[in-house]
1. Return a yes/no flag: does segment 165-173 have any residue that is at pLDDT below 95, surrounded by fewer than 19 Cβ atoms within 10 Å (Cβ to Cβ) and either in contact with a Lys or Arg (Cβ under 7 Å, 6 or more places away or on another chain) or of a type in the set (S, T, N, Q) (or both).
2. Of the residues in segment 97-137, how many are surrounded by 15 or more Cβ atoms within 10 Å (Cβ to Cβ), among the aliphatic types (A, V, I, L, M) and either assigned to a loop (DSSP other than H, G, I, E, B) or touching a residue at least 60 places away in the same chain (Cβ under 8 Å) (or both)?
Amino acid sequence: MGGKYRITGNTYPRMRRPRNRQRIVLAGVSAVVALGLAGWGTLQLIDVFTGGDQSATAAGHKRDCPTPTPTPAVPAKALPKPAAIKVNVYNATTTTGLAKAAADELKKRGFTVGEVGNAPEAYDKKVPGPGVLLGAPTAVDGSFAVLGTQLPGTVQKTDTRKTAEVDLILGAKFKAFSTPAEATAAMTALTKPSPAPSSTSCAPTPPKTKNG
């Protein structure tokens with residue numbers, strides 16, 4: 001080779017190859033991907049030892065729960081007024097005049113009083129509690145409930161009678177009726193509409209833990 005370049009000894013001038021831009025771009029992309037994979041792997045290791053994102057898991061379970069459908073409140077059954085309830089008052093205790101005193105008090109409270117006297121032989125001195133309510137099966141959800149607000153703890157029994165009147169047989173533990181305020185509160189609780197039942201129930205599934 002003549003001119004400007006001369007060959008001396010065993011050394012030759014080396015010509016640099018032109019840069020390949022495509023190879024440079026590919027190398028850069030590969031480096032970015034490698035860094036991304038390394039970061040993702042680090043996060044996976046953190047999840048293994050910490051149990052992952054609990055809040056995100058809980059939120060995911062909540063989203064799976066169906067939206068509850070509102071249900072209208074269940075109204076309470078209509079109860080008879082005290083004046084519509086005829087009560088026969090009988091004394092099954094050894095206390096004289098107890099049936100009359102109880103009948104007078106019920107009358108003051110608006111009940112219709114029928115017969116007043118001693119209890120029949122089947123119940124005489126055989127009622128250990130406050131009293132017994134005896135009537136037709138139709139009285140269970142009506143007259144019995146109303147009378148029960150006046151004397152809690154009574155035992156309810158039914159017989160084959162066809163009339164709507166109810167027998168109140170006073171027992172050994174009878175001391176007095178509930179106060180008017182207590183009876184009113186108990187009656188209000190009976191007539192208050194029942195709360196609406198939930199149409200759906202959904203409890204979030206506890207997140208699964210990873211065993212290390």
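The values are calculated or read from the model by the stated rules, or taken from the named source; none is laboratory data. Everything quoted here is computed from the prediction, not taken from an experiment. Cβ atoms come from the backbone with ideal geometry, glycine included; neighbour counts cover every protein chain shown.
1. no
2. So the count comes out to 7.
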